[in-house]
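> Structure in C-alpha cells, see below.
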Amino acid sequence: MSSKAKDDCYRLIQQIAIDQDPLCIWTGCMEDSCVGHHLFKRDRRGTAFHPEAVRGLCHIHHGYAHARPEQFRKIMIGFIGERYYDLQRLSKTVVKWVDYAVKRIELREILAGLTRKVNA
C-alpha cells in the first residue's frame, strides 16, 4: 500500500468537503469552511472517502462537532434528511482493502467536477 496515495486520499476528501460546503454547515454559521468533518468513524469504513459523509465546517464548529456529537447529528439530519441514515448504514461496512491509487483517481475526478461547477 502506498502511504502517499492514502495520504493524498485524506487530503482530497478534505478539499472536496470544503469545496462542496464553502460555508460552514453548522446552523446559522456564515464562516468559511476550512476543514472537512467525517460524520462517522473514518478508518476502514465505507464512508471514509464518501463526499456526502464528510462535510465542511469552520474551525470553531469542527471543535463543537467533536465535543457535541449528538447536536451535530441533529444538524446533519436537518441538513441532509433521511440520507443521513443511509450513510450511517454504509458507515458500518468495514472495508478490508482499499486500492488508494484508484481511490485517489476517483477523488480527483470528484474534486475536478466541483471545481468546474464553481467556475461555471
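> Within the range 1-35, track down each residue that is in contact with a Phe, Trp or Tyr (Cβ under 9 Å, 6 or more places away or on another chain) and closer than 19 Å to Glu70 by Cα.
Correct list: Ile25, Trp26, Thr27.
> Taking the range 69-86 only, how many residues are exposed (fewer than 14 other Cβ atoms within 10 Å of the Cβ) and in contact (Cβ under 8 Å) with a residue 12 or more places away in the chain?
Total meeting the criteria: 2.
> Considering the range 87-105 alone, what residues qualify as being charged (D, E, K, R), surrounded by fewer than 13 Cβ atoms within 10 Å (Cβ to Cβ) and in a helix (DSSP H, G or I)?
Hit for the range 87-105 is Arg89, nothing else.
> Mind checking which residues of the range 47-66 are within 19 Å of Leu107 (Cβ to Cβ) and out of contact with any strand residue (DSSP E or B) (no Cβ under 8 Å at 6 or more places or on another chain)?
Matches in the range 47-66: Phe49, His50, Pro51, Glu52.
> Got a number for residues in the range 43-57 being assigned to a helix (DSSP H, G or I) and more than 13 Å from Met76 (Cα to Cα)?
Result for the range 43-57: 1.
> Which ones in the range 1-42 are of a type in the set (Gly, Ala, Ser), assigned to a helix (DSSP H, G or I) and without any contact (Cβ under 8 Å) to a residue 60 or more places away in the chain?
Once the filter is applied, which keeps residues that are of a type in the set (Gly, Ala, Ser), assigned to a helix (DSSP H, G or I) and without any contact (Cβ under 8 Å) to a residue 60 or more places away in the chain, the range 1-42 yields Ser3, Ala17.
> Quick check, is Ala120 among the hydrophobic types (A, V, I, L, M, F, W, C), out of contact with any strand residue (DSSP E or B) (no Cβ under 9 Å at 6 or more places or on another chain), surrounded by fewer than 13 Cβ atoms within 10 Å (Cβ to Cβ) and modelled with pLDDT under 95?
It is true that Ala120 is among the hydrophobic types (A, V, I, L, M, F, W, C), out of contact with any strand residue (DSSP E or B) (no Cβ under 9 Å at 6 or more places or on another chain), surrounded by fewer than 13 Cβ atoms within 10 Å (Cβ to Cβ) and modelled with pLDDT under 95.
The values are calculated or read from the model by the stated rules, or taken from the named source; none is laboratory data. On a predicted model such as this, the values are computed, not experimentally measured, just so you know. Here the Cβ is made from the backbone with ideal geometry for all residues, glycine too, and neighbour counts use every protein chain on show.
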